[in-house]
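One structure below.
The values are calculated or read from the model by the stated rules, or taken from the named source; none is laboratory data. This one's a predicted model, so the numbers in the text were calculated from it and none came from an experiment. Positions of Cβ are backbone-derived with ideal geometry, glycine not excepted, and every protein chain shown enters the neighbour counts.
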Amino acid sequence: MGTSTYVSAANGDSNATLLERAAEGDQLSWRHLVEKYDGVVRSVARSFRLQTADVFDVSQTTWLRLVQHLHTIRDPERLAGWLAVTATRESLSIMRKSSRHDLQSSIEETPDADPAVDPEAAAAARDAACHLWSTVAELPPGQQRLLVALFREESDSYNDVATKCAMPIGSIGPTRARALSRLQRKLAERGLGQADL
């Protein structure tokens, strides 16, 4: 089937439609999926404090995994969660490889552990970040995009956020409040306590 028979991916297309078209080779649908969710994928990677090149690698590998599983996604409307979990796994994989590589030299060079770094606290922080971004990925797409735009490391002005999220500046505050309230409820339902948001 030629690409001329495909209908251009529109903002209103469901994930199921986009995944189906992408699986059939529609590049517009694929690009729309990437534009829609790459912010979530990169935010997950950044939450592990990876270097910029590693964040890029996590993003690329996560999208490669989706290509490999285009026909097997069971619940397309929970695609953001699938991508967040996949990005988390890829981030942890990069961290494990890096720590194995550096472990021997760090043991030899630093006989005493740095008292300022609590390994348990660091592990708990990574785990909390994983849970947080997996939960953010379950919010409605508009709320996901807003939270990612507002809380990424290189924060944008409200004008830039409004443009990226296609919403009036006056809607940012109320939408943010609704998104954070929903996020707190979801985290509490999972026994993760009150999120300090």
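Looking only at the range 30-48, count how many residues are surrounded by 23 or more Cβ atoms within 10 Å (Cβ to Cβ) and either free of Cβ contacts under 8 Å to residues at least 40 places away in the same chain or aliphatic (A, V, I, L, M) (or both).
Of the residues in the range 30-48, 4 are surrounded by 23 or more Cβ atoms within 10 Å (Cβ to Cβ) and either free of Cβ contacts under 8 Å to residues at least 40 places away in the same chain or aliphatic (A, V, I, L, M) (or both).
Could you tell me which numbered condition LYS97 fails, if it satisfies all but one of (1) at pLDDT 70 or above; (2) surrounded by 15 or more Cβ atoms within 10 Å (Cβ to Cβ); (3) of a type in the set (Lys, Arg); (4) under 23 Å from THR61 (Cα atoms)?
Tallying (1) at pLDDT 70 or above; (2) surrounded by 15 or more Cβ atoms within 10 Å (Cβ to Cβ); (3) of a type in the set (Lys, Arg); (4) under 23 Å from THR61 (Cα atoms), LYS97 fails exactly one: (2).
Could you check, for the range 154-177, whether at least one of its residues is in a helix (DSSP H, G or I), at pLDDT 80 or above and among the basic types (Lys, Arg)?
Yes: one or more hits.
Please specify each residue of the range 1-52 satisfying the condition of being on the phi > 0 side of the Ramachandran plot and at pLDDT 90 or above.
Selection gives nothing.
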